[in-house]
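A short worksheet on the structure shown next.
The values are calculated or read from the model by the stated rules, or taken from the named source; none is laboratory data. All of these numbers come straight from a predicted model, not from anything done at the bench. Using ideal geometry, Cβ is built from the backbone for each residue, glycine included, and neighbour counts are taken over all protein chains shown. When the accessible area is computed, the model is the full protein with side chains, heavy atoms only, and any ligands, DNA or RNA have been set aside. Shrake-Rupley method; radii C 1.70, N 1.55, O 1.52, S 1.80 Å.
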Amino acid sequence: MGFSPFSAIGLLFANGPGILLLSALTASIVLFWHWRWALSAAVITLLALSSILAALHTLNPLVTVGQWLASVVAGVLLGLAGYFHPTAANTHTNSNWLLRLIALAFIMGAWWVIDPGVSLPLFTQGETDLILWLGLCGLLIVSLSSTPLHTGIGLLLMVAPLQAIAAVLLPGSGMAIIVSIAQILLALSCAYLVLAQPSLVRESRRTLPLPSETTPTPLTAQTSQPGQTAQPGTSQPGQTSQPGQTPLRFPKPRQQQPASLATGVTPKPGQEPQAPVEKSA
Amino acid sequence: MTPVNAAGLPFLLLIFGFYLVAAGASFYLRAWVRWVALGGAVAALLVAAWLWSLDLSLPLWVLPTGWTVDLEAPLQLSGYTFQLQAVNAPVIAIYLLIAALALLIHALSGADDAFPTLVWLIAGGYTLGALLTSAPTPPVVAAPVLLIILTALSVYALQGGRPMSQSGPLRALLPPVLAAPLFLIGGWWIEQIPLNPQELAITQSAGALLSLGVLLLLAPFPLHGAWPAAGESSPPVAMMFVSMLYQLAVLHLAAQTVNAFPFVYRQSDWSLWMSALGLMTALWGGIAAIGATHAGRLWGYAAVHDWGLIVLALATPGLRSWTLVLFLFVLRAISMATTVVGLSALEQQTGSLEMTRLRGVGLRMPWSSAAVLLGGLGLVGFPLTAGFAGHWATLQSLAVVDWRPAMAIVVASVGIMLGFVRLARLMFGAHEARLSIRESAWSVGAATVALAITIAVATTPQLLNEFITRALAAFA
């Protein structure tokens, strides 16, 4: 078990500034929250932690390769899910940046004041602090989010202590490999849940905005001719919606030929040939 | 996996082959989901009965074809040994029994065609975990990581192809992820004990870590959120199957931990933690149920209340308390299954378990509605329901020590009862528009059987004596 490329990378981070950099990167996940940044930062942190362990504890390179592979595969799975279902990634934001900043500051302050003196056997204090910080940030992300994508990112960070402990404290037990499998399966489950989410944003874009004034007259959308499409902003004076009624929806929102361009239909003066809602849908 | 010193065909190969064939067949025949589920339920029931009655003092079994099957032949994979023993055979049989129940109930609705396949895979995984008897680290140390894998797999069953809130499956992932590092560090301390057997600090550290790990795995308040959320968003049968399997695995793990390392109980605050958090879980289940507006969530809170009582009973692990824990767990399984029979039928007919959608449904589906109410109240220990005997025994043993927690639990259970009374008033209240839903004959049959079992157990709980005595071999 000699020097490996992982150890070389690990040596770059296995010092005060390196650990501070990784801690700041993890904190930035909580602060920025954007899923692309969060996922990239989480994967980079996991890879850096594996490399630090390889450098300081002379781990079997196969174990480090397994950890790198698991982290990358988990990141790719979540990234693909976020890419193919970006609306799911942007829904259900349970907090703003100020709340997240306060939460982070509270955790740091509480840790500083209480100082529980946690130390993991065989780990240096710097490593211990980094591992605990990763776990706490992961827990904070999971606590502040109800989306599968962000929960998946939080769980990735929470598995980091498990990965480190399995590789260093129980070498030769095969636990590191089992933890890597668990990490991939966790990411796969969260990715599945991301893709299984309904497209809430897309659905809401198809919904007509309610007019500001309501008058008790029949809905024109219900009496429109086949092929005609109701258009936002062009409602007739009599067009309305009752309180508590189901909002109006376009019959076929993905059809590319707007009603006004259909044969025999003349666009009204001052009306766009294609409705804005059609462009954004 | 390689068999070791087998005197014939290793029995475990047959078991794992059975799981794989069942999962494969369920997947390929998923177009006929009801028949697949029904066939799977029968198969699981037969294998469970066979495992339950297996006599391991006669380890060789001769097939009619002349082949010999070695019941106790271990299988090895990278240093991990799997073996059927007297301490894990009853647990595997109960896993299969729960799987059979889930498949049987699923056969009535047949909503999710992937569910039977997932049942076999998840049950197979839990069986694998129970069979783990030896590993490079103590098996109890490796078990929580296996639980992470199994919970991740359970997410697919809990999601059930529904485009709804995912908080239930997501929250279910948390407890094993939180607990696993504690077990691994505890495992390292256990490895240090032979090097310095007189050092008290080592056993204290290991004991505290493993106690805390077991506690996190038990998912008491405030980690209980997965089950009420899953009760609301997941198919009821999936929630029952996943939660019962997980909780049985954790109870078995707790028993293995305490039996293998007695210092875990003696040199840690196990009793204090279990008592306090068990009580809080039971109380919170009652309080939260008051405001529930969804029948599934109400059921989930009732299950949380019941689970709090089980955690409370674990405070002093011993033969008597394990008997009580198993008694409560079996009654819980009966109550849960009864509720699921009713909830599945109601959901299939009304499309939702929102309480407002269930107005007047009891007049059209009286048997299923009765199953929901009697099963749900059984989780609270209401008189003349399955859970009454278990709750009464627990409250009595608790009141002997201190009457105040017992009284608090009774008061908390009133909250859940009020929730079910509200549900009953809605279900059996008059509805302005005449409902077109109708209770199918299969639903009536299933609800009748479930109610009959519930009432039989409620009136004569000693029917379970033999079952619990046999299961106790795996725990105490």
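Let's see how each residue does on (1) open to solvent by 40 Å² or more (accessible area, probe 1.4 Å); (2) modelled with pLDDT of 90 or more:
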residue: B:L9; (1), (2): yes, no
residue: B:Y28; (1), (2): yes, yes
residue: B:A31; (1), (2): yes, yes
residue: B:A48; (1), (2): no, yes
residue: B:P64; (1), (2): yes, no
residue: B:T68; (1), (2): yes, no
residue: B:A73; (1), (2): no, no
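With the structure loaded, tell me whether A:L162 is under 23 Å from B:G186 (Cβ atoms), at the interface with chain B (Cβ under 8 Å from one of its Cβ atoms) and at pLDDT 95 or above or whether it fails that test. Let's see the steps before the verdict.
Values: under 23 Å from B:G186 (Cβ atoms): yes; at the interface with chain B (Cβ under 8 Å from one of its Cβ atoms): yes; at pLDDT 95 or above: yes.
So A:L162 passes the test.
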| Out of region A:129-164, which residues are among the β-branched types (V, I, T) and open to solvent by less than 10 Å² (accessible area, probe 1.4 Å)? | A:I131, A:I141, A:T147, A:T151, A:I153, A:V159
| request: Select from region A:165-198 the residues that are open to solvent by less than 10 Å² (accessible area, probe 1.4 Å), at the interface with chain B (Cβ under 7 Å from one of its Cβ atoms) and under 17 Å from the mean Cα position of the chain (by Cα) and list them in ascending order. | output: A:L186, A:S189, A:L193
| Quick one: is A:L39 under 17 Å from A:A187 (Cα atoms) and within 16 Å of the chain's Cα centre (by Cα)? | yes
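Is it the case that A:H34 is in contact with a Leu (Cβ under 9 Å, 6 or more places away or on another chain) and of a type outside the set (D, E, K, R)? Let's see the steps before the verdict.
Details: in contact with a Leu (Cβ under 9 Å, 6 or more places away or on another chain): no; of a type outside the set (D, E, K, R): yes.
Considered against the rule, which asks whether it is in contact with a Leu (Cβ under 9 Å, 6 or more places away or on another chain) and of a type outside the set (D, E, K, R), A:H34 comes out as no.
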| What is the residue count in region B:215-266 for residues that are of a type outside the set (A, V, I, L, M, F, W, C), in a helix (DSSP H, G or I) and within 25 Å of B:A99 (Cα to Cα)? | 10
| said: Scan region B:135-148 and tell me whether some residue there is of a type outside the set (V, I, T), open to solvent by 40 Å² or more (accessible area, probe 1.4 Å) and either touching a Leu at 6+ places or on another chain (Cβ under 7 Å) or touching a residue at least 24 places away in the same chain (Cβ under 8 Å) (or both). | reply: yes
| query | In this structure, does B:P59 turn out to be free of Cβ contacts under 8 Å to residues at least 60 places away in the same chain and in contact with an Asp or Glu (Cβ under 8 Å, 6 or more places away or on another chain)? | reply | yes
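Could we say that A:L136 is in contact with a helix residue (DSSP H, G or I) (Cβ under 7 Å, 6 or more places away or on another chain), within 21 Å of A:L21 (Cβ to Cβ) and more than 13 Å from every other protein chain (Cβ to nearest Cβ) here? Don't jump to the end; show me each part of the working.
Working: in contact with a helix residue (DSSP H, G or I) (Cβ under 7 Å, 6 or more places away or on another chain): yes; within 21 Å of A:L21 (Cβ to Cβ): yes; more than 13 Å from every other protein chain (Cβ to nearest Cβ): no.
For A:L136, the condition - in contact with a helix residue (DSSP H, G or I) (Cβ under 7 Å, 6 or more places away or on another chain), within 21 Å of A:L21 (Cβ to Cβ) and more than 13 Å from every other protein chain (Cβ to nearest Cβ) - is not met.
Report yes if B:R266 is of a type in the set (D, E, K, R) and surrounded by fewer than 24 Cβ atoms within 10 Å (Cβ to Cβ), otherwise no.
Working: of a type in the set (D, E, K, R): yes; surrounded by fewer than 24 Cβ atoms within 10 Å (Cβ to Cβ): yes.
Judged against the criteria, B:R266 is a match.
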| remark: Reported set for region B:188-208 where residues are in a loop (DSSP other than H, G, I, E, B) and within 9 Å of another protein chain (Cβ to nearest Cβ) is none
| field | Test result for B:A172, open to solvent by 20 Å² or more (accessible area, probe 1.4 Å) and not aromatic (F, W, Y) | value | no
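Does region B:93-102 contain at least one residue that is at pLDDT below 95 and either within 14 Å of another protein chain (Cβ to nearest Cβ) or open to solvent by 20 Å² or more (accessible area, probe 1.4 Å) (or both)? Quick ask: steps written out before the conclusion?
Initially, region B:93-102 is screened for residues at pLDDT below 95, giving none.
No: zero hits.
So that you can scan it fast, the table gives a plain yes or no per residue for (1) open to solvent by 80 Å² or more (accessible area, probe 1.4 Å); (2) at pLDDT 95 or above:
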position: B:L374; (1), (2): no, yes
position: B:S397; (1), (2): no, no
position: B:L426; (1), (2): no, no
position: B:E439; (1), (2): no, no
position: B:T448; (1), (2): no, yes
position: B:L463; (1), (2): yes, no
position: B:A471; (1), (2): no, no
position: B:A476; (1), (2): no, no
| Can you pull out the residues in region B:157-170 that are under 10 Å from B:I122 (Cα atoms) and over 15 Å from the mean Cα position of the chain (by Cα)? | none
| note | Picked from region A:99-110 (must be open to solvent by 40 Å² or more (accessible area, probe 1.4 Å) and in contact (Cβ under 8 Å) with a residue 12 or more places away in the chain), the residue nearest to A:T26 (Cα to Cα) is A:L101
| task | May I ask you to verify whether B:G445 is part of a helix (DSSP H, G or I), without any contact (Cβ under 8 Å) to a residue 12 or more places away in the chain and not basic (K, R)? | result | yes
| said: Being over 18 Å from the mean Cα position of the chain (by Cα) and modelled with pLDDT under 90 is the requirement here; does A:V113 meet it? | reply: yes
| message | For the condition open to solvent by 10 Å² or more (accessible area, probe 1.4 Å), part of a helix (DSSP H, G or I), free of Cβ contacts under 8 Å to residues at least 12 places away in the same chain and small (G, A, S), what is the one hit in B:S344, B:S321? | response | B:S321
